[in-house]
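Take a look at the structure below.
The values are calculated or read from the model by the stated rules, or taken from the named source; none is laboratory data. Every value quoted in this text rests on a predicted model; they were computed, and no experiment measured them. In this analysis, Cβ positions are derived from the backbone assuming ideal geometry, glycine residues included, and neighbour counts consider all displayed protein chains. Only protein heavy atoms, including side chains, enter the accessible area calculation; ligands, DNA and RNA are left aside. Shrake-Rupley method; radii C 1.70, N 1.55, O 1.52, S 1.80 Å.
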Amino acid sequence: MNHTMRKQMKSVVIILFWLAVWQIAAVCIDNHILLVGPGQVLYAFAYNMIQPDFMKIVMHSFVRIGLGFFLALFAGLVLGAVSYRFTIMEEILAPAVQAVKSIPVASFVVILLVWFGSQKISFFISFLIVFPNVYVNMIAGMKSADAKLLQMAQVFGVGRGKRFFYLYRPAVMPYLVSSLKISLGMSWKSGVAAEVIGLSDYSMGERLYLSKIYLDTAGLFSWTLTIILVSFLFEKTMLWLVQIFEDWKPYPSIRAKRYNVPEKEAVSDTIWIKKVCKSYTLVPVLNNLSMSMTQGNRYLLMAPSGGGKTTLLKLLTGLENADSGDISGMPAHIGMVFQEDRLCEEYDAVCNIMLGMKGTGMENTIEYVRREAGKILPQECLTKPVRELSGGMRRRVSLLRAVLSSSDMLILDEPFTGLDEENRLHCAEYLLKNLGSRTLLVTTHREDDVELLRGIKITL
């Protein structure tokens, strides 16, 4: 007998134990108004199920509470995303959200009874219980997204839809699942409680109240069992759907055309860096730096550690602004290898590479990427989540993402870090073969990289 079967049998034994305790208590009390046994509850449950209005009652409550839940889920996700994007919206909604979280459900029930009557009360209560949880967790999830991945998306020009799906979605999902686990149960408990107070027609809450009036303890327990089962099935179905969405990892779509850039927006022949200064906490990193780079050439930037190489790359890509000075002539579309790999950990190598591709016009893009990636990566690693890859493999994925991007310039921050000599030479050969007419700027500590990449050395 395996571990799973032993665990299941243990659960069954525990349930049977408590059913036995329940039955013994009912026999000892011997008063069907105070307590009935599990057998009587099951009989009452079966009797209710064969009544012609049973499904009508269940569906009325399900539709009201379910609609409130789904509307709250939709509103929480949308308004949470908007509030993350626009801080003023979060500030405007904060008092209302705090009020909804603080005011007792009973107070809302009384107010809503006056405003809307009893028939819609469970809908509104379900909405008010669920919305704050989803809204707050949506904002928290989006704020937890990896800032370095967002910078990567900015450099590669990843669209907002892809950013949300591939970068924000993995960050949001743990928060969303946590809020749903709380909200799903609370929506049913509060919704049915509102039906009990409001006596909504054809509702499970109304049946609970009538069972209490007629001292029908078996009926009270059977309707409670019905509510538990419906709530349980609803919760499991929702969490199952959410899990499917979380596990869904499609490849990014690629536009058919490269870029629709008018001829008048042609790339400048020269990149100018004029008297650029940059400091961090009053410590100068770049001081009156001036240089130029001709489009189509290869440049290798060298400096000691802390000499400003990475800082200059951030200024060139627009990730940071210079304190003073001017940078002009930079092409609009850049492919980059960052100092860190900056990969989407849950997605495979092909997906990460395709995320950097934009309008390449390739037919059968997935097959093309697999074929190209196989030139510097083992085929068996292409379909694995990149978190399972070694440091050297992850570095090669980052390089492939930059090289295969639809860009006019490649900026590579120590691209061969973590590679052994064989893979270093192999990757350099692949880079030069696929560089085309693009400008290349590489930071490095190794003098022999200048000869390897046949570039112009620049020393900061």
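Within region 159-196, the residues that satisfy the criterion of being of a type in the set (A, V, I, L, M) and out of contact with any Leu (no Cβ under 6 Å at 6 or more places or on another chain) are Ala171, Val172, Met173, Leu176, Val177, Leu180, Ile182, Leu184, Met186, Val192, Ala193, Ala194.
Scanning region 100-111 for residues that are open to solvent by less than 50 Å² (accessible area, probe 1.4 Å) and under 28 Å from the mean Cα position of the chain (by Cα) yields a single hit, Val100. Consider region 379-407 and keep the residues that are assigned to a loop (DSSP other than H, G, I, E, B) and open to solvent by 40 Å² or more (accessible area, probe 1.4 Å). The one that is nearest to Glu429 (Cα to Cα) is Ser390.
With the requirement that a residue be open to solvent by 90 Å² or more (accessible area, probe 1.4 Å) and touching a helix residue (DSSP H, G or I) at 6+ places or on another chain (Cβ under 7 Å), what does region 15-33 give you? Scanning region 15-33 gives a single hit, His32.
For region 75-91, the criterion of being part of a helix (DSSP H, G or I), at pLDDT 90 or above and under 23 Å from Ser61 (Cα atoms) is met by at least one residue. For region 39-97, the set of residues classified as more than 21 Å from the chain's Cα centre (by Cα), open to solvent by 50 Å² or more (accessible area, probe 1.4 Å) and of a type in the set (Lys, Arg) consists of Lys56 only. Selection of helices (runs of 4 or more DSSP H) fully inside region 136-219 by the criterion of at least 1 residues being acidic (Asp, Glu) and crowded, with 18+ Cβ neighbours inside 10 Å returns 169-198, 204-213.
Scanning region 119-132 for residues that are out of contact with any strand residue (DSSP E or B) (no Cβ under 6 Å at 6 or more places or on another chain), open to solvent by 60 Å² or more (accessible area, probe 1.4 Å) and either among the hydrophobic types (A, V, I, L, M, F, W, C) or modelled with pLDDT under 90 (or both) turns up at least one hit. Could you look through region 264-314, keep only residues that are touching a strand residue (DSSP E or B) at 6+ places or on another chain (Cβ under 7 Å) and basic (Lys, Arg), and pick out the one that is surrounded by the fewest Cβ atoms within 10 Å (Cβ to Cβ)? Restricting to residues being touching a strand residue (DSSP E or B) at 6+ places or on another chain (Cβ under 7 Å) and basic (Lys, Arg), the top hit is Lys275.
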